[in-house]
1. Would you please name the residue that is modelled with the lowest pLDDT, looking only at residues in the stretch 1-28 that are touching a strand residue (DSSP E or B) at 6+ places or on another chain (Cβ under 9 Å), surrounded by fewer than 24 Cβ atoms within 10 Å (Cβ to Cβ) and assigned to a loop (DSSP other than H, G, I, E, B)?
2. Can you name the residue in the stretch 257-280 that is in a helix (DSSP H, G or I) and modelled with pLDDT of 95 or more and, of all such residues, is least open to solvent (accessible area, probe 1.4 Å)?
3. Just one of Gly231, Gly150, Gly184 is under 22 Å from the mean Cα position of the chain (by Cα) and either in a loop (DSSP other than H, G, I, E, B) or under 30 Å from Ser306 (Cα atoms) (or both); which is it?
4. Just the residues that are at negative phi, open to solvent by 50 Å² or more (accessible area, probe 1.4 Å) and either without any contact (Cβ under 8 Å) to a residue 24 or more places away in the chain or not in a helix (DSSP H, G or I) (or both), please, taken from the stretch 55-76.
5. Suppose we keep only residues that are farther than 19 Å from Gly151 by Cβ and among the charged types (D, E, K, R) within the stretch 29-54. Which one would you say is least open to solvent (accessible area, probe 1.4 Å)?
6. List pairs: first in the stretch 11-34 and of a type in the set (Val, Ile, Thr), second in a loop (DSSP other than H, G, I, E, B), Cβ under 9 Å, 6+ apart or cross-chain?
7. As an exercise: evaluate Thr218 against (1) assigned to a strand (DSSP E or B); (2) closer than 30 Å to Ile375 by Cα and give the number of the one condition it does not meet.
Amino acid sequence: MKRVVIVGAGAAGFLAAIGAAGNGAQVTLLGKMAMPGRKLMITGKGRCNITNACAMEDMIPMLPGNGKFLFGAFHSFTNRDIMELLERHGLPVKVERGGRVFPQSDRALDVVETLEKILRELGVRLLLEKRVRRLEMAQGRITAVITGDGGRYPADAVILTTGGASYPRTGSTGDGYALAQEAGHTIIPPKPALVPLESDDEEIRSLQGLSLRNVRGTLLQGERVLGQEFGEMLFTHFGVSGPIILTLSRAASAAWQKDPQAVLDLSIDLKPALTPEQLDARVQRDFAKYSRKQLKSGLHDLLPQSLIPVIIDAACLKPEQEVNQITRKERQRLVRTLKAFTVPLTGTRPLAEAIVTAGGVSTKEINPSTFVSKIVPNLYFAGEIMDVDGYTGGYNLQAAFSSGFVAGTHAALDGKEESV
(Lines give C-alpha, C1' and ligand atoms only; values in the text may rest on other atoms or scores of the structure.)
Protein backbone atom coordinates (compact mmCIF):
# COMPACT_ATOMS: atom_id res chain seq x y z
CA MET A 1 0.00 0.00 0.00
CA LYS A 2 1.46 3.35 -1.06
CA ARG A 3 2.12 5.76 1.82
CA VAL A 4 0.96 9.32 1.12
CA VAL A 5 1.60 12.10 3.63
CA ILE A 6 -0.33 15.34 3.19
CA VAL A 7 0.83 18.52 4.93
CA GLY A 8 -2.02 20.96 5.59
CA ALA A 9 -5.55 20.10 6.78
CA GLY A 10 -7.59 22.63 4.82
CA ALA A 11 -9.80 22.44 1.73
CA ALA A 12 -7.04 21.17 -0.59
CA GLY A 13 -5.70 18.81 2.08
CA PHE A 14 -9.10 17.25 2.72
CA LEU A 15 -9.69 16.54 -0.98
CA ALA A 16 -6.12 15.34 -1.51
CA ALA A 17 -6.68 12.84 1.31
CA ILE A 18 -10.01 11.74 -0.19
CA GLY A 19 -8.44 11.34 -3.64
CA ALA A 20 -5.46 9.37 -2.33
CA ALA A 21 -7.33 7.15 0.12
CA GLY A 22 -10.08 6.53 -2.42
CA ASN A 23 -7.39 5.10 -4.72
CA GLY A 24 -5.97 2.68 -2.20
CA ALA A 25 -3.23 4.70 -0.51
CA GLN A 26 -2.40 4.68 3.20
CA VAL A 27 -2.94 8.37 3.99
CA THR A 28 -1.67 10.52 6.84
CA LEU A 29 -2.99 14.08 6.95
CA LEU A 30 -0.99 16.46 9.15
CA GLY A 31 -2.64 19.64 10.40
CA LYS A 32 -0.83 22.41 12.26
CA MET A 33 -3.85 23.73 14.14
CA ALA A 34 -5.91 22.11 16.90
CA MET A 35 -8.88 22.03 14.50
CA PRO A 36 -8.82 21.18 10.79
CA GLY A 37 -10.43 23.35 8.11
CA ARG A 38 -10.02 26.62 9.99
CA LYS A 39 -10.08 28.77 6.86
CA LEU A 40 -13.08 26.86 5.51
CA MET A 41 -14.87 27.83 8.71
CA ILE A 42 -14.65 31.56 7.99
CA THR A 43 -15.40 31.59 4.26
CA GLY A 44 -18.70 33.08 3.16
CA LYS A 45 -19.01 34.92 6.50
CA GLY A 46 -19.13 31.62 8.34
CA ARG A 47 -21.53 30.01 5.87
CA CYS A 48 -18.83 28.52 3.58
CA ASN A 49 -19.15 29.48 -0.07
CA ILE A 50 -18.26 25.95 -1.22
CA THR A 51 -18.03 26.57 -4.97
CA ASN A 52 -19.76 28.33 -7.84
CA ALA A 53 -22.40 26.60 -9.97
CA CYS A 54 -21.18 28.16 -13.25
CA ALA A 55 -19.99 26.07 -16.19
CA MET A 56 -16.43 24.89 -15.57
CA GLU A 57 -15.13 26.72 -18.64
CA ASP A 58 -16.52 29.94 -17.16
CA MET A 59 -14.59 29.38 -13.94
CA ILE A 60 -11.12 29.86 -15.44
CA PRO A 61 -11.60 33.60 -16.26
CA MET A 62 -12.64 34.08 -12.63
CA LEU A 63 -9.15 33.03 -11.56
CA PRO A 64 -6.99 35.79 -13.08
CA GLY A 65 -3.96 34.39 -11.27
CA ASN A 66 -2.95 31.48 -13.55
CA GLY A 67 -6.47 30.05 -13.84
CA LYS A 68 -5.59 28.30 -17.12
CA PHE A 69 -3.18 26.13 -15.16
CA LEU A 70 -6.23 24.45 -13.57
CA PHE A 71 -7.97 23.56 -16.85
CA GLY A 72 -7.34 19.84 -16.50
CA ALA A 73 -8.11 19.73 -12.79
CA PHE A 74 -11.40 21.59 -13.25
CA HIS A 75 -12.57 18.96 -15.71
CA SER A 76 -11.27 16.04 -13.64
CA PHE A 77 -13.05 17.16 -10.46
CA THR A 78 -15.86 19.64 -11.11
CA ASN A 79 -18.14 21.83 -9.02
CA ARG A 80 -20.83 19.15 -9.50
CA ASP A 81 -18.42 16.57 -8.08
CA ILE A 82 -17.86 18.47 -4.82
CA MET A 83 -21.58 19.18 -4.46
CA GLU A 84 -22.48 15.53 -5.08
CA LEU A 85 -19.74 14.34 -2.71
CA LEU A 86 -21.15 16.43 0.13
CA GLU A 87 -24.77 15.55 -0.62
CA ARG A 88 -23.95 11.85 -0.87
CA HIS A 89 -22.60 12.06 2.67
CA GLY A 90 -25.61 13.83 4.10
CA LEU A 91 -24.97 17.55 3.52
CA PRO A 92 -27.49 19.13 1.11
CA VAL A 93 -26.37 22.30 -0.68
CA LYS A 94 -28.13 25.26 -2.31
CA VAL A 95 -27.31 27.74 -5.07
CA GLU A 96 -27.74 31.45 -4.38
CA ARG A 97 -27.36 34.70 -6.31
CA GLY A 98 -24.34 34.77 -8.60
CA GLY A 99 -24.13 30.97 -8.62
CA ARG A 100 -22.64 30.85 -5.13
CA VAL A 101 -23.08 27.45 -3.50
CA PHE A 102 -23.63 27.08 0.26
CA PRO A 103 -24.68 24.27 2.59
CA GLN A 104 -28.45 24.43 3.15
CA SER A 105 -27.74 24.72 6.87
CA ASP A 106 -25.71 27.93 6.29
CA ARG A 107 -23.09 26.46 8.66
CA ALA A 108 -19.45 26.20 7.53
CA LEU A 109 -18.87 23.78 10.42
CA ASP A 110 -21.17 21.28 8.70
CA VAL A 111 -18.93 21.30 5.62
CA VAL A 112 -15.82 20.63 7.71
CA GLU A 113 -17.52 17.90 9.74
CA THR A 114 -18.83 16.21 6.58
CA LEU A 115 -15.36 16.16 5.03
CA GLU A 116 -13.93 14.80 8.29
CA LYS A 117 -16.56 12.05 8.25
CA ILE A 118 -15.51 11.08 4.72
CA LEU A 119 -11.87 10.89 5.85
CA ARG A 120 -12.81 8.57 8.71
CA GLU A 121 -14.80 6.33 6.36
CA LEU A 122 -11.76 6.08 4.08
CA GLY A 123 -9.40 5.30 6.96
CA VAL A 124 -7.36 8.49 6.69
CA ARG A 125 -5.18 9.16 9.73
CA LEU A 126 -5.76 12.82 10.68
CA LEU A 127 -3.13 14.14 13.08
CA LEU A 128 -3.51 17.67 14.45
CA GLU A 129 -1.13 20.14 16.11
CA LYS A 130 1.67 18.76 13.95
CA ARG A 131 3.93 21.51 12.62
CA VAL A 132 6.13 20.15 9.84
CA ARG A 133 9.77 21.13 10.31
CA ARG A 134 11.37 19.65 7.19
CA LEU A 135 11.12 17.13 4.38
CA GLU A 136 13.65 14.30 4.66
CA MET A 137 15.21 13.58 1.28
CA ALA A 138 17.51 10.95 -0.21
CA GLN A 139 18.66 10.56 -3.81
CA GLY A 140 16.44 13.41 -4.98
CA ARG A 141 13.24 11.99 -3.50
CA ILE A 142 11.32 12.67 -0.28
CA THR A 143 11.54 9.76 2.12
CA ALA A 144 9.75 11.17 5.16
CA VAL A 145 8.09 14.20 6.73
CA ILE A 146 9.64 15.41 10.00
CA THR A 147 7.52 17.33 12.53
CA GLY A 148 8.61 19.74 15.23
CA ASP A 149 7.79 17.28 18.01
CA GLY A 150 10.30 14.78 16.61
CA GLY A 151 7.78 12.72 14.66
CA ARG A 152 8.90 11.00 11.48
CA TYR A 153 6.32 9.97 8.88
CA PRO A 154 7.74 7.76 6.08
CA ALA A 155 6.31 8.66 2.69
CA ASP A 156 6.24 7.33 -0.85
CA ALA A 157 4.62 10.62 -1.88
CA VAL A 158 4.10 13.96 -0.14
CA ILE A 159 1.47 16.60 -0.97
CA LEU A 160 1.91 20.16 0.28
CA THR A 161 -1.48 21.81 0.87
CA THR A 162 -0.44 24.40 3.46
CA GLY A 163 -2.28 27.36 1.90
CA GLY A 164 -0.92 30.87 1.40
CA ALA A 165 0.06 33.56 3.87
CA SER A 166 -3.30 35.22 4.51
CA TYR A 167 -5.34 34.85 7.71
CA PRO A 168 -2.41 33.39 9.73
CA ARG A 169 -4.71 32.67 12.67
CA THR A 170 -6.22 29.90 10.55
CA GLY A 171 -2.78 28.30 10.12
CA SER A 172 -1.86 29.83 6.74
CA THR A 173 1.46 31.33 7.75
CA GLY A 174 3.49 30.55 4.64
CA ASP A 175 5.21 27.47 6.16
CA GLY A 176 4.76 25.56 2.93
CA TYR A 177 6.77 28.10 0.96
CA ALA A 178 9.88 27.33 3.03
CA LEU A 179 9.38 23.56 2.58
CA ALA A 180 8.95 23.97 -1.17
CA GLN A 181 11.97 26.25 -1.40
CA GLU A 182 14.14 23.76 0.46
CA ALA A 183 13.07 21.16 -2.10
CA GLY A 184 14.36 23.45 -4.88
CA HIS A 185 11.20 25.30 -5.92
CA THR A 186 10.85 28.97 -6.87
CA ILE A 187 8.45 31.06 -4.79
CA ILE A 188 6.67 33.94 -6.53
CA PRO A 189 6.62 36.64 -3.80
CA PRO A 190 3.25 36.48 -2.01
CA LYS A 191 1.01 39.54 -2.13
CA PRO A 192 -2.62 40.14 -1.12
CA ALA A 193 -5.11 39.25 -3.86
CA LEU A 194 -8.52 39.76 -2.25
CA VAL A 195 -8.04 42.39 0.42
CA PRO A 196 -9.71 45.62 1.64
CA LEU A 197 -8.21 48.92 0.50
CA GLU A 198 -7.07 51.83 2.67
CA SER A 199 -7.75 55.54 2.35
CA ASP A 200 -6.33 58.31 4.52
CA ASP A 201 -9.23 60.64 3.70
CA GLU A 202 -10.96 61.55 6.97
CA GLU A 203 -14.34 62.04 5.27
CA ILE A 204 -14.16 58.52 3.85
CA ARG A 205 -13.35 57.12 7.27
CA SER A 206 -16.27 59.09 8.74
CA LEU A 207 -18.55 56.88 6.62
CA GLN A 208 -17.51 53.79 8.63
CA GLY A 209 -20.27 51.18 8.64
CA LEU A 210 -22.11 52.54 5.58
CA SER A 211 -22.92 49.82 3.06
CA LEU A 212 -23.81 50.61 -0.56
CA ARG A 213 -25.60 48.27 -2.92
CA ASN A 214 -25.89 48.36 -6.71
CA VAL A 215 -23.02 50.80 -7.24
CA ARG A 216 -20.26 50.69 -9.84
CA GLY A 217 -16.67 51.04 -8.69
CA THR A 218 -13.88 51.94 -11.11
CA LEU A 219 -10.23 51.63 -10.14
CA LEU A 220 -8.20 54.42 -11.73
CA GLN A 221 -4.52 55.18 -12.09
CA GLY A 222 -4.73 58.70 -13.43
CA GLU A 223 -6.94 58.42 -16.51
CA ARG A 224 -6.20 54.71 -16.92
CA VAL A 225 -8.93 52.25 -15.90
CA LEU A 226 -7.42 49.27 -14.04
CA GLY A 227 -10.73 47.56 -13.31
CA GLN A 228 -14.47 48.05 -12.92
CA GLU A 229 -17.03 46.13 -10.84
CA PHE A 230 -20.75 46.41 -10.06
CA GLY A 231 -22.30 45.35 -6.76
CA GLU A 232 -21.88 45.97 -3.05
CA MET A 233 -19.23 47.79 -1.02
CA LEU A 234 -18.64 48.91 2.53
CA PHE A 235 -16.93 51.92 4.14
CA THR A 236 -14.70 51.03 7.11
CA HIS A 237 -12.53 52.74 9.70
CA PHE A 238 -9.52 52.31 7.39
CA GLY A 239 -11.09 52.80 3.96
CA VAL A 240 -13.26 50.52 1.84
CA SER A 241 -14.15 46.83 1.67
CA GLY A 242 -16.92 44.57 0.36
CA PRO A 243 -17.28 42.35 -2.74
CA ILE A 244 -16.48 44.88 -5.48
CA ILE A 245 -13.51 46.25 -3.52
CA LEU A 246 -12.05 42.78 -2.94
CA THR A 247 -12.29 42.04 -6.66
CA LEU A 248 -10.66 45.35 -7.63
CA SER A 249 -7.95 44.92 -4.98
CA ARG A 250 -6.02 42.42 -7.07
CA ALA A 251 -5.37 45.05 -9.74
CA ALA A 252 -4.57 47.64 -7.07
CA SER A 253 -2.11 45.33 -5.35
CA ALA A 254 -0.40 44.55 -8.67
CA ALA A 255 -0.14 48.26 -9.53
CA TRP A 256 1.44 49.11 -6.18
CA GLN A 257 3.82 46.16 -6.42
CA LYS A 258 4.98 47.47 -9.79
CA ASP A 259 5.21 51.07 -8.54
CA PRO A 260 4.85 51.68 -4.78
CA GLN A 261 4.33 55.39 -5.49
CA ALA A 262 1.44 54.83 -7.92
CA VAL A 263 -1.53 57.15 -7.27
CA LEU A 264 -4.78 55.14 -7.36
CA ASP A 265 -8.36 56.30 -6.91
CA LEU A 266 -11.70 54.56 -6.61
CA SER A 267 -14.43 56.30 -8.59
CA ILE A 268 -17.91 55.30 -7.40
CA ASP A 269 -20.97 55.70 -9.59
CA LEU A 270 -23.69 55.93 -6.94
CA LYS A 271 -26.50 55.74 -9.51
CA PRO A 272 -25.21 53.49 -12.33
CA ALA A 273 -28.72 52.68 -13.57
CA LEU A 274 -29.24 56.31 -14.60
CA THR A 275 -27.50 58.28 -17.34
CA PRO A 276 -26.24 61.74 -16.32
CA GLU A 277 -29.29 63.25 -18.07
CA GLN A 278 -31.72 60.92 -16.27
CA LEU A 279 -30.03 61.58 -12.94
CA ASP A 280 -30.21 65.34 -13.54
CA ALA A 281 -33.95 65.02 -14.18
CA ARG A 282 -34.31 62.98 -10.99
CA VAL A 283 -32.41 65.61 -8.98
CA GLN A 284 -34.62 68.36 -10.43
CA ARG A 285 -37.75 66.48 -9.31
CA ASP A 286 -36.33 66.16 -5.80
CA PHE A 287 -35.36 69.83 -5.78
CA ALA A 288 -38.89 70.79 -6.80
CA LYS A 289 -40.25 68.66 -3.96
CA TYR A 290 -37.88 70.16 -1.38
CA SER A 291 -37.51 73.63 -2.89
CA ARG A 292 -37.89 75.43 0.45
CA LYS A 293 -35.48 73.10 2.28
CA GLN A 294 -31.75 73.41 2.79
CA LEU A 295 -29.64 71.23 0.47
CA LYS A 296 -28.66 68.89 3.32
CA SER A 297 -32.38 68.11 3.76
CA GLY A 298 -33.17 67.98 0.07
CA LEU A 299 -31.18 64.85 -0.74
CA HIS A 300 -32.89 62.42 1.67
CA ASP A 301 -34.68 60.56 -1.12
CA LEU A 302 -31.47 60.17 -3.12
CA LEU A 303 -28.73 59.23 -0.62
CA PRO A 304 -28.14 57.57 2.76
CA GLN A 305 -28.10 60.18 5.54
CA SER A 306 -24.41 59.76 6.43
CA LEU A 307 -23.34 60.17 2.80
CA ILE A 308 -25.19 63.47 2.19
CA PRO A 309 -22.68 65.89 3.83
CA VAL A 310 -19.74 64.11 2.19
CA ILE A 311 -21.29 64.36 -1.28
CA ILE A 312 -22.25 68.01 -0.74
CA ASP A 313 -18.66 68.78 0.26
CA ALA A 314 -17.23 66.81 -2.70
CA ALA A 315 -19.47 68.82 -5.04
CA CYS A 316 -18.17 72.08 -3.48
CA LEU A 317 -21.66 73.08 -2.34
CA LYS A 318 -22.95 74.41 0.99
CA PRO A 319 -25.21 72.21 3.14
CA GLU A 320 -27.23 75.21 4.40
CA GLN A 321 -27.84 76.52 0.88
CA GLU A 322 -31.55 76.60 0.03
CA VAL A 323 -32.50 74.19 -2.71
CA ASN A 324 -34.38 76.85 -4.72
CA GLN A 325 -31.20 78.95 -4.79
CA ILE A 326 -29.02 76.30 -6.41
CA THR A 327 -27.96 77.20 -9.93
CA ARG A 328 -28.01 74.89 -12.95
CA LYS A 329 -24.21 74.81 -12.92
CA GLU A 330 -24.16 73.80 -9.24
CA ARG A 331 -26.81 71.12 -9.84
CA GLN A 332 -24.80 69.62 -12.68
CA ARG A 333 -21.72 69.60 -10.46
CA LEU A 334 -23.73 67.58 -7.93
CA VAL A 335 -24.78 65.15 -10.67
CA ARG A 336 -21.16 64.68 -11.78
CA THR A 337 -20.18 63.95 -8.17
CA LEU A 338 -22.96 61.37 -7.81
CA LYS A 339 -21.74 59.66 -10.99
CA ALA A 340 -18.05 59.78 -10.02
CA PHE A 341 -17.55 60.09 -6.27
CA THR A 342 -13.79 59.75 -5.76
CA VAL A 343 -12.08 57.87 -2.94
CA PRO A 344 -8.28 58.41 -2.82
CA LEU A 345 -6.54 55.12 -2.08
CA THR A 346 -3.30 54.78 -0.14
CA GLY A 347 -2.66 51.02 -0.03
CA THR A 348 -3.99 47.58 0.72
CA ARG A 349 -4.59 46.13 4.15
CA PRO A 350 -1.77 43.76 5.26
CA LEU A 351 -1.33 40.36 3.63
CA ALA A 352 -2.45 38.78 6.92
CA GLU A 353 -5.92 40.30 6.34
CA ALA A 354 -6.23 39.14 2.73
CA ILE A 355 -8.83 36.51 1.91
CA VAL A 356 -6.56 35.03 -0.74
CA THR A 357 -2.81 35.14 -1.42
CA ALA A 358 -1.44 35.79 -4.90
CA GLY A 359 1.99 34.29 -5.47
CA GLY A 360 3.43 31.04 -4.13
CA VAL A 361 5.08 28.04 -5.73
CA SER A 362 5.69 28.78 -9.41
CA THR A 363 3.26 26.88 -11.63
CA LYS A 364 6.05 26.53 -14.21
CA GLU A 365 7.63 23.95 -11.88
CA ILE A 366 4.44 21.89 -11.42
CA ASN A 367 2.86 19.44 -13.87
CA PRO A 368 -0.69 20.78 -14.51
CA SER A 369 -2.08 17.30 -15.21
CA THR A 370 -0.95 15.66 -11.97
CA PHE A 371 0.30 18.54 -9.75
CA VAL A 372 3.56 16.68 -9.23
CA SER A 373 6.75 18.69 -8.92
CA LYS A 374 8.99 18.88 -11.98
CA ILE A 375 11.96 18.98 -9.59
CA VAL A 376 11.20 16.30 -6.97
CA PRO A 377 9.42 13.28 -8.51
CA ASN A 378 7.28 12.36 -5.48
CA LEU A 379 6.33 15.85 -4.26
CA TYR A 380 2.90 17.24 -5.12
CA PHE A 381 1.15 20.57 -4.56
CA ALA A 382 -2.47 21.66 -4.29
CA GLY A 383 -4.47 24.72 -3.33
CA GLU A 384 -3.34 28.20 -2.41
CA ILE A 385 0.32 27.27 -1.86
CA MET A 386 0.58 27.44 -5.66
CA ASP A 387 0.69 30.72 -7.56
CA VAL A 388 -3.02 30.55 -8.42
CA ASP A 389 -5.76 32.89 -7.18
CA GLY A 390 -9.24 34.06 -8.11
CA TYR A 391 -12.11 36.37 -7.29
CA THR A 392 -14.72 35.87 -4.58
CA GLY A 393 -17.70 33.67 -5.35
CA GLY A 394 -16.49 30.13 -4.59
CA TYR A 395 -13.78 30.02 -7.25
CA ASN A 396 -10.79 29.76 -4.90
CA LEU A 397 -12.30 26.89 -2.94
CA GLN A 398 -13.11 25.02 -6.15
CA ALA A 399 -9.47 25.51 -7.19
CA ALA A 400 -8.40 23.96 -3.88
CA PHE A 401 -10.88 21.07 -4.14
CA SER A 402 -10.03 20.24 -7.78
CA SER A 403 -6.25 20.49 -7.44
CA GLY A 404 -6.36 18.61 -4.14
CA PHE A 405 -8.38 15.70 -5.50
CA VAL A 406 -6.24 15.38 -8.64
CA ALA A 407 -2.97 15.62 -6.67
CA GLY A 408 -4.20 12.99 -4.19
CA THR A 409 -5.33 10.64 -6.93
CA HIS A 410 -2.00 10.82 -8.77
CA ALA A 411 0.05 10.62 -5.57
CA ALA A 412 -1.71 7.30 -4.86
CA LEU A 413 -1.47 5.88 -8.37
CA ASP A 414 1.61 7.30 -10.13
CA GLY A 415 4.51 4.89 -10.06
CA LYS A 416 2.53 2.39 -7.98
CA GLU A 417 3.56 -0.50 -10.16
CA GLU A 418 7.23 0.38 -9.72
CA SER A 419 6.99 0.51 -5.92
CA VAL A 420 5.27 -2.87 -5.58
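The values are calculated or read from the model by the stated rules, or taken from the named source; none is laboratory data. Note that this is a predicted model, so its numbers are computed, not measured. Every residue, glycine among them, receives a Cβ derived from its backbone with ideal geometry; neighbour counts consider all protein chains shown. Surface accessibility is based on the protein's heavy atoms, side chains included, excluding ligands, DNA and RNA. Shrake-Rupley method; radii C 1.70, N 1.55, O 1.52, S 1.80 Å.
1. Ranking the qualifying residues of the stretch 1-28, first place goes to Met1.
2. So in the stretch 257-280, the residues in a helix (DSSP H, G or I) come out as 257-258, 276-280.
Remaining after also requiring modelled with pLDDT of 95 or more: 276-280.
Values: Pro276: 66, Glu277: 129, Gln278: 94, Leu279: 0, Asp280: 25 Å².
Among those that are in a helix (DSSP H, G or I) and modelled with pLDDT of 95 or more, it is Leu279.
3. On the way: Gly150 fails: under 22 Å from the mean Cα position of the chain (by Cα); Gly184 fails: under 22 Å from the mean Cα position of the chain (by Cα).
When all the criteria are applied, what remains is Gly231.
4. Kept after step one, since they are at negative phi, are these residues of the stretch 55-76: 55-65, 67-76.
Remaining after also requiring open to solvent by 50 Å² or more (accessible area, probe 1.4 Å): 57-58, 61-62, 64, 68, 71, 75-76.
Within the stretch 55-76, Glu57, Asp58, Pro61, Pro64, Lys68, His75 qualify.
5. Per the criteria, the residue is Lys39.
6. Correct list of pairs: Ile18/Val124; Val27/Gly123; Val27/Val124; Thr28/Val124; Thr28/Ala155.
7. (2)
Condition check ((1) outside any helix (DSSP H, G or I); (2) touching a strand residue (DSSP E or B) at 6+ places or on another chain (Cβ under 6 Å); (3) not basic (Lys, Arg)) across all residues:
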| residue | (1), (2), (3) |
| --- | --- |
| Thr357 | yes, yes, yes |
| Thr370 | yes, no, yes |
| Gln398 | no, yes, yes |
| Val406 | no, no, yes |
| Ala411 | no, yes, yes |
